[in-house]
Amino acid sequence: MARFLRGAWYVAAWAEEVTRALLPRTLLDEPVLLFRKQDGSVAVLADSCPHRFAPLHMGKLIGDTVECGYHGLCFDAAGHCVANPHGNHVVPSRANVRAYPVIERHSLVWIWMGEAERADPELVPDLAYLTASGRRTVTGGMTMAAHYEILTDNLMDPSHARFLHSKYLDNDGDVTLKTTQEGGTVYARQWLPDRKAPGFFAGCLPDDPEKVDMWIEFIWQAPALLHNSTGVTCVGEPRSEGIEQIGTHLLTPETELSTHYFYANSRSFRLDDASMDDRVRQWFHDAFVLEDKVMAEAIQRRMKNATDLLKMDPVLLSIDAASVRVRRHLAGLIEAEMALPAQASPL
Amino acid sequence: MARFLRGAWYVAAWAEEVTRALLPRTLLDEPVLLFRKQDGSVAVLADSCPHRFAPLHMGKLIGDTVECGYHGLCFDAAGHCVANPHGNHVVPSRANVRAYPVIERHSLVWIWMGEAERADPELVPDLAYLTASGRRTVTGGMTMAAHYEILTDNLMDPSHARFLHSKYLDNDGDVTLKTTQEGGTVYARQWLPDRKAPGFFAGCLPDDPEKVDMWIEFIWQAPALLHNSTGVTCVGEPRSEGIEQIGTHLLTPETELSTHYFYANSRSFRLDDASMDDRVRQWFHDAFVLEDKVMAEAIQRRMKNATDLLKMDPVLLSIDAASVRVRRHLAGLIEAEMALPAQASPL
Amino acid sequence: MARFLRGAWYVAAWAEEVTRALLPRTLLDEPVLLFRKQDGSVAVLADSCPHRFAPLHMGKLIGDTVECGYHGLCFDAAGHCVANPHGNHVVPSRANVRAYPVIERHSLVWIWMGEAERADPELVPDLAYLTASGRRTVTGGMTMAAHYEILTDNLMDPSHARFLHSKYLDNDGDVTLKTTQEGGTVYARQWLPDRKAPGFFAGCLPDDPEKVDMWIEFIWQAPALLHNSTGVTCVGEPRSEGIEQIGTHLLTPETELSTHYFYANSRSFRLDDASMDDRVRQWFHDAFVLEDKVMAEAIQRRMKNATDLLKMDPVLLSIDAASVRVRRHLAGLIEAEMALPAQASPL
């Protein structure tokens, strides 16, 4: 069985994806079903009828209950079977499906795949910037055929951009990557003084200077929730005088060998400029879809069905400090969870 | 190795499918080859040359012998190698292929995949109605990516129609399903009094009554041979005054996870009405192909590679009485067959 | 792990396939990368960066070094990492990729997948006819989903042509196949006197005789390097008075269950006749692609994932003398190689 960290909030969907139409999705190797109740809140159920294992998303949403499309058993949003249309109409006591703790916050739907009692809403990471006034956020998403940690590696190592995304970045000089950790949060920070601004920021600073100081800071939290602050300021000026965008990168394993990648870009400048939205979407397409995804999937193929890169004896470079720290931290969390008493195991 | 009941007649093909062209098909995980001999009778051989394992269907039928397309070994309809075109032309003593007992009856070709000595033609089920005068029969077939018992479950449980085929049936009231067994035959009977006739029968009773009494009776025999009598009569009138169609559902495993489904509809009314044939074919397409097949394959995916539903601890309902009885009876037959002395094992 | 003969020269590519563009190819289950250095010579590296296993062919060729497309590690043609653009720029001592001995000769690129110290250029088979003046050579290639020895069987048994390629050959009489072995070379020779010339040779002999004497001689060397001399002469005349073409058949395992097939036809007549080239290409397409490939892949499917035909207890015929001899000889070479001391194992 796949070793995922279960006691953690994962992104199940962008909020706008969840409607009154039954939405099937596989998360951590478990098929689930998302829908919006009549009061607008989100429910998530296991997508498998306990009777004959028909996928419940092939049924109907009636009020706040899901009717199985095969034999009509009805389940409420808590997963309790509330109607059996057959025989004496008695509902079998075992006829329930798992309901998952779920929270909608800042345009995202978060799901807890571990023991429900441990699902603490306080643990949902604070991504308030996604919906904050004074910001403009563009979102996207895709599924890629690679273990999610290959993507984490990619993100915690901004130095790959110079090679993999060389068309868009002009950072040909040396870069120092500073890795730090505070509790369960790992930071990878780059400071790139006195260089040409990448195309994304072109023309966005007042007076459009030829050279800028630039920063890239990636922040990771378990299990695979990342965001980055990237900005430019005039050479020698403080960051507070510059402009910044926050990149969001939320990874949820679909299976051991595939990953849902939810991403966003939130900028604090040119809020009403639709051409900036286009610039963001072009970047998503060119860098994420055509470069990061292609590379991650190629690496997964080279790793065959393996998922633990560190067990494959890779040559490590200085730029791996952050990603190795993240991998070790996450491995420790998974080890600790597996050592919990049996009742803590949700399955 | 897959656990099929081997000592049983299975449908290999509709008779009209078997011609002078070599027809390859996989049955119970064994590739076979069907053809019609010069006298019009059907022969079935293993579809693998014992020399280099070339599929024999890639060769030629010459008279009643099959010439391998790779090196020209010739096999007669009994599977004996009768010609070696090479060297001293001596036929190696082991150069035979398995020939399967086969019977053509009532438009179907039946094959016996177990020990040939036990192949008793009396055991072929009597489906004389398929070719009886006074009836009109429309046939069809498909292969689906699901274990055959998922289909048996589906058929022995007519109550699924109310949900899965709700577009075509208007049986929204309660239905009593009566399950009985006589020897190796299991019956699932429904009586649905005083309701709107399903579209299939619309306009077929004299005077076209708004409400009818209706019956649905499914009959199962091992390994997975089913037919059903479904009919309507005017409310309060005896069945003999009504009209009836017989549905035929003959399941032959292709592999453990896929099934050949041969189906037919034989009606005793409007024999010469081509629009009734169209109505039948539309039902085959809409209900069998677009609904039953899609559901069965979705369930198989949920079961992953498992095939024994009862081992997966399903919640059972009253409507499962017939299908569970069928599963247990068949499991008993397979157990008994596996306990037979070794010589009874055909492979 | 697949049991290939490793200490042997295999064809990696036709020389013209290898250019300044990085060419990825899987050989003996190992992904490699081929390119041409600035001096025109060919280099072959493992196609996997030791840092994060990015395929190196996704990077760039800069001079004679390959820059990884993910993080910019640079490797020279000997596989040594020569540049690390990160941190203190120190190249980690383990950061090398395997470089394979390679030889370009007579329009082919040969690779040695075993212990490099044993790679003796003298062992490359002499296929000088491929580029000899006085000959015209047409080449081709494909990959087929079958173990390479199924192809070897096919080639060392010319008698299959009478059945599988019957459209092109009219050899309906008996043929004696003479098998001999000299050291590690196995010969399968046929002499077919007084018969109609196959279409390939039609009109090529002076006076275009109705009947000819014909010979077909296949020559095998380990691991799976074959060529054949096929020719016709006027009935009763010596071979030296006739015309001949040499067929080349070089098999390199891609994986255990797929094979790169490099083939050529070198004729000593009608050198400047483009219609003869077309005739050759039609033969490649009709016989190799549409018949041999289809048959080999069908046999592999019948063998499922097995690769050792002799373990499957086939019925053997006189025509198998050469192919069985080849299989046993090769099995002996692989056994002997596996018995070598550990340092002889390249992986």
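The values are calculated or read from the model by the stated rules, or taken from the named source; none is laboratory data. Quick caveat: nothing in here was measured; it's all calculated off a predicted structure. So basically every Cβ, Gly included, is an ideal-geometry build from the backbone, and we count neighbours across all protein chains shown. Side chains included, ligands, DNA and RNA excluded: accessible areas come from the protein's heavy atoms. Shrake-Rupley method; radii C 1.70, N 1.55, O 1.52, S 1.80 Å.
Quick notes on this structure:
- Compared with its chain on its own, the range B:23-55 contains the following residues whose accessible area drops by 50 Å² or more in the full protein assembly (probe 1.4 Å; ligands, DNA and RNA excluded): B:His51, B:Arg52, B:Phe53.
- For peptide C:66-74, the mean count of partner chain Cβ atoms within 10 Å of a residue's Cβ comes to 5.
- Summing Cβ point charges (Lys, Arg +1; Asp, Glu -1) relative to the Cα centre of the range A:20-121 gives a dipole of roughly 240 debye.
- Measuring between alpha carbons in the structure, the pairs from A:Lys37/B:Lys211; B:Lys37/C:Lys293; B:Lys196/B:Lys304; C:Lys167/C:Lys293; A:Lys37/B:Lys196; B:Lys37/C:Lys167 lying more than 28 angstrom apart are A:Lys37/B:Lys211; B:Lys37/C:Lys293; B:Lys196/B:Lys304; A:Lys37/B:Lys196.
- Solvent-accessible area of C:Trp191 with every protein chain in place, 1.4 Å probe, in Å² to the nearest 10: 110 Å²
- At most 12 other Cβ within 10 Å, DSSP loop - trypsin sites (Lys or Arg not before Pro), the range A:279-341: A:Lys304
- Springs join every pair of Cα atoms under 10 Å in this Gaussian network model of chain B, and among B:Gly59, B:Gly236, B:Gly140 the largest mean-square fluctuation is at B:Gly236.
- Surrounding net charge for A:Ala21, when Lys and Arg each add one and Asp and Glu each subtract one, Cβ distance under 11 Å: +2
- Axis-nearest residue of B (beta carbon) for the B-onto-C rotation, whole Å: B:Asn305, 10
- Label-point spacing at A:Glu297 relative to the other copies reads 2.2, 2.2 nm, in ascending order, each point sitting 7 Å out from Cα along Cα→Cβ.
- When the square roots of the Cα gyration tensor eigenvalues are ordered a ≥ b ≥ c, the ratio a/c for the protein assembly as shown is 1.5 or more and a/b does not exceed b/c, which makes its shape oblate.
- Cα centroid separation, the range C:102-180 to the range A:288-308: 36 Å.
- Each copy carries a label point for C:Ala116 at 7 Å from Cα toward Cβ; from one copy, the others' points are 6.1, 6.1 nm away, ordered from shortest.
- Descending semi-axes in whole angstrom, ellipsoid equivalent of the range A:1-59, from the Cα gyration tensor: 20, 17, 9
- Using a Gaussian network model of chain A in which every pair of alpha carbons under 10 angstrom is joined by a spring, one finds that among A:Met276, A:Met303, A:Met156 the greatest mean-square fluctuation is at A:Met303.
- The distance from the alpha carbon centre of the range A:1-38 to that of the range B:197-214 is 46 Å, rounded to a whole number.
- Cα-based helix-to-principal-axis angle, A:274-283 vs chain A, degrees rounded to 10: 80 degrees
- When chain C is treated as a GNM with alpha-carbon contacts under 10 Å, the residue of C:Tyr100, C:Tyr263, C:Tyr70 showing the greatest mean-square fluctuation is C:Tyr70.
- Translational diffusion of the range C:84-229, µm² s⁻¹ [Kirkwood Rh, Cα pairs; Stokes-Einstein; 20 °C; 1.002 mPa s]: 111 µm²/s
- When the inverse distances between all different Cα atoms of the range B:1-124 are averaged and flipped, the Kirkwood radius reads 14.8 angstrom.
- Magnitude of the charge dipole for the range A:237-281, about its Cα centre and with charges confined to Cβ atoms of Lys, Arg (+1) and Asp, Glu (-1), is about 20 debye.
- Along its first, second and third principal axes, ordered by size, the range C:245-347 spans 53, 35, 27 Å in Cα coordinates.
- Pseudo-label separations to other copies for C:Asp278 - Cα-to-Cβ vector, 7 Å, nm: 5.1, 5.1
- Dipole of the range B:178-260 [Lys/Arg +1, Asp/Glu -1 at C-beta], most positive-end residue of B:Gly184, B:Cys234, B:Gly199: B:Gly184
- Surface composition of the range A:9-100: carbon and sulfur atoms hold 53% of the protein heavy-atom accessible area at a 1.4 Å probe.
- Note on the range B:178-231: with neighbouring protein chains present and a 1.4 Å probe, carbon and sulfur make up 49 percent of its accessible heavy-atom surface.
- A quarter of the convex hull surface defined by the alpha-carbon atoms of chain C gives 19.3 nm² as the mean projection.
- Charge tally around A:Leu271: other residues with Cβ under 11 Å, Lys/Arg +1 each, Asp/Glu -1 each, net +1.
- Rolling a 1.4 Å probe over the protein heavy atoms gives the protein assembly as shown an accessible area of 41 Å² per residue.
- Compactness of the range C:165-249 as Cα Rg over 2.2 N^0.38 Å, two decimals: 1.14
- If only the Cβ of Lys and Arg carry +1 and only the Cβ of Asp and Glu carry -1, the dipole of the protein assembly as shown around its Cα centre is close to 700 debye.
- Of every Cα-Cα pair in the range A:26-93, the percent that sits beyond 16 Å: 43 percent
- Averaged over the residues of C:152-162, the number of partner chain Cβ atoms lying within 10 Å of the residue Cβ comes to 2.
- Residue-averaged [θ]222 nm for chain B, counting only DSSP H segments that reach four residues, each worth -39500 (n - 2.57): -4000 deg cm²/dmol
- Sequence-separation-based contact order of chain B, relative, with Cα cut under 8 Å and 6+ spacing, percent: 18 percent
- Across peptide C:301-307, the mean count of Cβ atoms from other chains lying within 10 Å of each residue's own Cβ comes to 2.
- Relative packing of peptides A:330-337, C:61-68, C:215-222, C:106-113 - highest average C-beta neighbours within 10 Å first: C:106-113, C:215-222, C:61-68, A:330-337
- Summing both sides, the accessible surface hidden between A and C at a 1.4 Å probe radius is close to 2300 Å².
- Here the spin labels are modelled as points 7 Å beyond Cα on the Cα-Cβ line, and at A:Glu335 and B:Ala339 they lie 5.2 nm apart.
- What a 1.4 Å probe finds exposed on the range B:235-347 is 52% carbon and sulfur by accessible area, rounded to a whole percent.
- Between 0 and 90 degrees, the angle of helix A:293-302 with respect to the longest Cα principal axis of chain A falls at about 70 degrees.
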